Amino acid sequence: MIRCKRVYDTPDSNDGYRVLVDRLWPRGIKKADLPYDEWAKTLTPSRELRTELHSDVIDFTEFTHRYLAELACQQPTAQALASLSKTQTVTLLYADRDTQQNHALVLADYLRSLAH
C-alpha cells in the first residue's frame, strides 16, 4: 500500500515506511523532529519543473506528463519503493499545501503502476 501525507500531519503507526519526497527540507520542521526512514530526493521533480508549476508557466496536466518522464529516468530507485510497498505500507511525505494536486500523488500513482 502506498499513501501520501503532509509532513505537518501527525505520524501514526499505520504510516509504515515513511519517505520524504520533497527536494528541499520542509519549512518549520527540525530534522530531529520529523520521523522518516528515507529522503528520496532523486524521486522529486526537478527544480525547473517545480518552478514552472508554481509560477503558472505550466498547468498540472503538463507538470504530470513531464514529471512522469523524469521519474522514468529514476526507475531503479522507484522500483525499490514499489517493491517495498508489496510487503508494507509506504507513506510519501510532502510539504505542499495543495492536497489534491501535488507531486506526491503523481509519484504514488507511478509507484503503484510499478508494483503491479
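Would you check if there is a residue in segment 35-47 being of a type outside the set (S, T, N, Q), more than 21 Å from LEU114 (Cα to Cα), under 13 Å from the mean Cα position of the chain (by Cα) and outside any helix (DSSP H, G or I)?
Within segment 35-47, the subset of a type outside the set (S, T, N, Q) is 35-41, 43, 45, 47.
Narrowing further to those that are more than 21 Å from LEU114 (Cα to Cα): 35-36, 47.
Subset that is under 13 Å from the mean Cα position of the chain (by Cα): 36.
Now drop any that are not outside any helix (DSSP H, G or I), which leaves 36.
So far as segment 35-47 goes, yes, one or more of its residues are of a type outside the set (S, T, N, Q), more than 21 Å from LEU114 (Cα to Cα), under 13 Å from the mean Cα position of the chain (by Cα) and outside any helix (DSSP H, G or I).
Consider only pairs whose beta carbons are under 8 Å apart and that are at least six residues apart or on different chains; among these, list those whose first residue lies in segment 98-116 and is small (Gly, Ala, Ser) and whose second residue is part of a helix (DSSP H, G or I) and surrounded by fewer than 16 Cβ atoms within 10 Å (Cβ to Cβ).
ALA115/SER83
In segment 1-51, which residue that is in contact (Cβ under 8 Å) with a residue 12 or more places away in the chain, under 24 Å from TYR67 (Cα atoms) and among the acidic types (Asp, Glu) is surrounded by the most Cβ atoms within 10 Å (Cβ to Cβ)?
So the residue we want is ASP22.
Among the residues of segment 54-90, how many are in contact with a strand residue (DSSP E or B) (Cβ under 9 Å, 6 or more places away or on another chain) and either among the basic types (Lys, Arg) or assigned to a strand (DSSP E or B) (or both)? Please lay out each step first, then the result.
Filtering segment 54-90 down to residues in contact with a strand residue (DSSP E or B) (Cβ under 9 Å, 6 or more places away or on another chain) leaves 81-82, 84-85, 88-90.
Checking the rest, the ones that are also either among the basic types (Lys, Arg) or assigned to a strand (DSSP E or B) (or both) come to 90.
Total satisfying the criteria: 1.
For segment 86-96, what are the residues that are surrounded by fewer than 23 Cβ atoms within 10 Å (Cβ to Cβ), closer than 12 Å to ILE2 by Cα and not β-branched (Val, Ile, Thr)?
LYS86, GLN88
Would segment 79-90 turn up any residue that is among the aliphatic types (A, V, I, L, M), free of Cβ contacts under 8 Å to residues at least 60 places away in the same chain and more than 24 Å from ASP37 (Cβ to Cβ)?
No: segment 79-90 contains no residue that is among the aliphatic types (A, V, I, L, M), free of Cβ contacts under 8 Å to residues at least 60 places away in the same chain and more than 24 Å from ASP37 (Cβ to Cβ).
If a residue has to be crowded, with 18+ Cβ neighbours inside 10 Å and either in a strand (DSSP E or B) or in contact with a helix residue (DSSP H, G or I) (Cβ under 8 Å, 6 or more places away or on another chain) (or both) to count, how many in segment 97-109 make the cut?
3
Does ARG112 qualify as being more than 26 Å from LEU34 (Cβ to Cβ) and not in a loop (DSSP other than H, G, I, E, B)?
Values: more than 26 Å from LEU34 (Cβ to Cβ): no; not in a loop (DSSP other than H, G, I, E, B): yes.
So ARG112 does not fit the description; no.
When you check ILE58 against the structure, is it of a type in the set (Val, Ile, Thr), more than 16 Å from ALA95 (Cβ to Cβ) and in contact (Cβ under 8 Å) with a residue 40 or more places away in the chain, yes or no?
Numbers: of a type in the set (Val, Ile, Thr): yes; more than 16 Å from ALA95 (Cβ to Cβ): yes; in contact (Cβ under 8 Å) with a residue 40 or more places away in the chain: no.
For ILE58, the condition - of a type in the set (Val, Ile, Thr), more than 16 Å from ALA95 (Cβ to Cβ) and in contact (Cβ under 8 Å) with a residue 40 or more places away in the chain - is not met.
FYI, it's all coordinate maths here, none of it is from the lab. Just so it is clear, the structure is predicted and the values come from calculations on it, not from any experiment. Here Cβ is always computed from backbone atoms with ideal geometry, including for glycine, and neighbour counts include all displayed protein chains.
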